[in-house]
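Contents: one structure, followed by commentary.
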Amino acid sequence: MKTDLCSLTATELLRLYRARKVSPVEATRSVLARIERLNPVLNCFCVVDEKAALASARESEARWRKGEPKGLVDGVPASIKDLLLTKGWPTLRGSKTVDRKGPWHDDAPAVARLREHGAVLLGKTTTPEFGWKGVTDSPLTGITRNPWNPKMTPGGSSGGSAAAVASGMGPLTVGTDGGGSIRIPCAFTGLFGLKPSFGRVPAWPLSPFGTVAHVGPMTRSVADAALMLNVLSLPDARDWLALPHDARDYRIGLDEGVEGLRIAYSADLGYAEVEPEVAALAKQAAMRFAELGAHVEETDPDFENAGPMFATHWFAGAASLLRNFTPAQRRLIDPGLREVAAQGAKIGTLDYLDAVYRRGQLGLQMNRFHQSYDLLLTPTLPLAAFEAGREVANLLKEKRWTDWSPFSYPFNLTQQPAASIPCGLTKKGLPVGLHIVGPRYADALVLRAARAFEALQPVALPDLSKLRA
């Protein structure tokens, strides 16, 4: 058994709870001590409720002693991204414009389901303001840092969640993904993260950025993500866009492998620029699926650069978000968010409707693509983590975060399930992610493929011994 409880996955913890070798209180105390030591370095939690977490852990411990666990994740420490409502805790969304007083009477669906299944909720994780960009810093909470190298960004917008799980501050966290916000930070911090099919995990209130926004699990193992998806995908009447509940257990069939699958690998989608070291690691990882018995072919899905189409949706969402803010509130907003909102406000109705139409065409094109290929693999990102506190890696080449995340947001537009799994480290010791995209609603297939790769190349954890406040 691993002696460091903070390094255990949820699946491992539950096995030890069942065998009465470890208690939820022991695990929670270990995680809280890790938070106390490392959160001052990484700045990934904006709320930590030690008293509530320990009370929840004691209740879980009593249930396990009776052999009556409350649910699938009873006693497992978990965190919630600070875009999701959490009863009793302020949800400030990284913004100075949100009134801390609340009231805070509601749990978002994902939070409610975790509570119902006995998770020990630790607190809220940091996000850029309203989750608007692919790195994590905000006027409210400052800069969140990467546990592999605290000089670097963990990505975003679920960067606090990623930094927390990667550094052992709880094995489970809930992220949101409107353009890559689960997959980007998972790629930068060496985690597994799944953006499920749109509507698979109910959401309420719905994102101001519309139907590109998904909710999903971020974990240190594929099995944990499958376990978590069982919980998060349970129905909630507040989301009228949610898919009909699929009662399947996503853990069943997880180890069936990929033999015989038709898999496409696209190094650049036909238009993206990828750093050579990242490209080499991603291609090497993609070709390992052939070792597993899949038929791997290098090909592009052959769609146009989706950047302008996504920007129309995203920037218009930002404009809608800020439309009723007072001048005083706007002065408190992240300048970058103000800029994209101003750009979004200039988008005409016909231009927006044209982007909606082209989005539909992109979805149709991917539906047809998946008639020939079961899965699409790409790099998750074209680069490794860059300096924290910056929106872009290279000011000479990039203006907005969307300029360096070309692989993620097309599949928010198409609402397909997509995951990032770590596939190696750069020479500077920074993680690189492999992107696994499946047809709409084929969440189980994406998980299965990720598990097959994970069996060859398990998730590695960063060396935390040198992190000091």
- Message: So, in segment 99-112, how many residues would count as being touching an Asp or Glu at 6+ places or on another chain (Cβ under 8 Å) and either aromatic (Phe, Trp, Tyr) or within 21 Å of Ser181 (Cα to Cα) (or both)?
- Response: 1
- Query: Which residues, counting only those in segment 66-110, are acidic (Asp, Glu), more than 17 Å from Thr141 (Cα to Cα) and surrounded by 21 or more Cβ atoms within 10 Å (Cβ to Cβ)?
  - Reply: Asp74, Asp107
- Message: Tell me yes or no: at least one residue of segment 435-457 is in a strand (DSSP E or B) and among the β-branched types (Val, Ile, Thr).
- Response: yes
- Looking at this structure, is Glu50 surrounded by fewer than 24 Cβ atoms within 10 Å (Cβ to Cβ), under 25 Å from Asp249 (Cα atoms), modelled with pLDDT of 95 or more and over 18 Å from the mean Cα position of the chain (by Cα)? no
- Message: Looking at (1) over 26 Å from Val432 (Cα atoms); (2) not in a loop (DSSP other than H, G, I, E, B), which one does Ala279 not meet, given that it meets all the others?
- Response: (1)
- State yes or no: is Ser233 under 18 Å from Ala112 (Cα atoms), modelled with pLDDT of 95 or more and surrounded by fewer than 24 Cβ atoms within 10 Å (Cβ to Cβ)? no
- Message: Consider segment 1-32. How many of its residues are in a helix (DSSP H, G or I) and surrounded by 15 or more Cβ atoms within 10 Å (Cβ to Cβ)?
- Response: 19
- Query: Say we look at segment 390-406 and pick out the residues that are of a type outside the set (Asp, Glu) and not in a loop (DSSP other than H, G, I, E, B); which of these is surrounded by the fewest Cβ atoms within 10 Å (Cβ to Cβ)?
  - Reply: Trp404
- Within segment 432-469, can you find the residues that are over 23 Å from Ser7 (Cβ atoms), among the small types (Gly, Ala, Ser) and surrounded by fewer than 21 Cβ atoms within 10 Å (Cβ to Cβ)? Ala442
- Is segment 95-112 home to any residue that is under 20 Å from Leu227 (Cα atoms), touching a strand residue (DSSP E or B) at 6+ places or on another chain (Cβ under 7 Å) and in a strand (DSSP E or B)? no
- Note on the structure: Looking across segment 274-305 at residues that are under 23 Å from the mean Cα position of the chain (by Cα) and among the charged types (D, E, K, R), the single one that is surrounded by the fewest Cβ atoms within 10 Å (Cβ to Cβ) is Glu275
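The values are calculated or read from the model by the stated rules, or taken from the named source; none is laboratory data. Fair warning: this is a prediction, and the values are worked out from it, not measured in the lab. All Cβ positions, even for glycine, are placed from backbone atoms using ideal geometry, and neighbour counts span all protein chains on display.
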